[in-house]
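Here the structure is laid out as structure tokens; the discussion comes afterwards.
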Amino acid sequence: MPPDLSQVITLLERDASTTLGQSYRRLIEDIAADVRELDVADAGEKVVNDVQQYFQDTLVDATWPACPRHARHPLWYRGGSWWCVEDGVAVARLGELGRTVV
């Protein structure tokens, strides 16, 4: 069962704040409001992916969140964690980007 959307938002805000600063809370909440209007199976995953895509597309950070193992590509979110697709390993749970174990 997917996590509650409000929990995902809180954890995503923590990751954005830790890695980019605290100025993106409103953006995350706006994207979440848009996703709430949709009929999607995993709204939390869509919010995370949409926020990540926004950061990359608008060049806030083209590799957000950067993989701490390689620093040349972003991590990708699935199943509640940020993954290094190059190595196929989970690097951090959502909300724990500042506490990665590499």
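Starting from the Cα of Glu86, step 7 Å along the direction of its Cβ; do the same at Arg26; then give the gap between the two resulting points in nm.
Taking the simple label geometry, Glu86 and Arg26 are separated by 3.6 nm.
Rolling a 1.4 angstrom probe over the protein chains, ignoring ligands and nucleic acids, what is the accessible area of Leu27 in square angstrom, nearest 10?
40
Within 10 Å of each candidate Cβ there may be at most 13 other Cβ atoms; applying that plus a DSSP loop requirement, which GluC sites (Glu not before Pro) in the stretch 1-74 survive?
Those that pass, being in a loop and sparsely packed, are Glu37.
Carbon-plus-sulfur fraction of the accessible area of the chain, 1.4 Å probe, in percent? Each step should come with its number before you reach the end.
Working: 2800 of 5860 Å².
That fraction is 48 percent.
Please identify, among Gly21, Gly44, Gly80, the residue showing maximal mean-square fluctuation in a Gaussian network model of the chain using a 10 angstrom Cα cutoff.
In the Gaussian network model the winner is Gly21.
Would you mind working out the accessible area per residue for the chain, using a 1.4 Å probe, and quoting it in Å²?
About 57 Å² of surface per residue is accessible.
Please give, to one decimal in nm, the separation of the simple spin-label points placed at Gln53 and Ser6, each 7 Å out from Cα toward the Cβ.
2.7
Report the per residue volume, in Å³, of the convex hull enclosing the C-alpha atoms of the stretch 16-102.
Output value, Cα hull per residue: 90 Å³.
How would Tyr77, Tyr24 rank on accessible area, largest to smallest, probe 1.4 Å?
Tyr24, Tyr77
Quickly work out the Thr19-to-Val60 label distance, labels modelled 7 Å from Cα along the C-beta direction, and quote it in nm with one decimal.
1.1
For the stretch 60-84, list residues with backbone N below 14 Å from a point placed 7 Å from the Cα of Arg93 toward its Cβ?
Those under the cut-off are 79-82.
The values are calculated or read from the model by the stated rules, or taken from the named source; none is laboratory data. For clarity, every value in this text was computed on a predicted model and none was experimentally measured. No Cβ is skipped: glycine too gets one built from the backbone with ideal geometry, and neighbour counts run over all protein chains shown. Note: accessible area is taken over every heavy atom of the protein model, side chains too, but ligands, DNA and RNA are not part of it. Shrake-Rupley method; radii C 1.70, N 1.55, O 1.52, S 1.80 Å.
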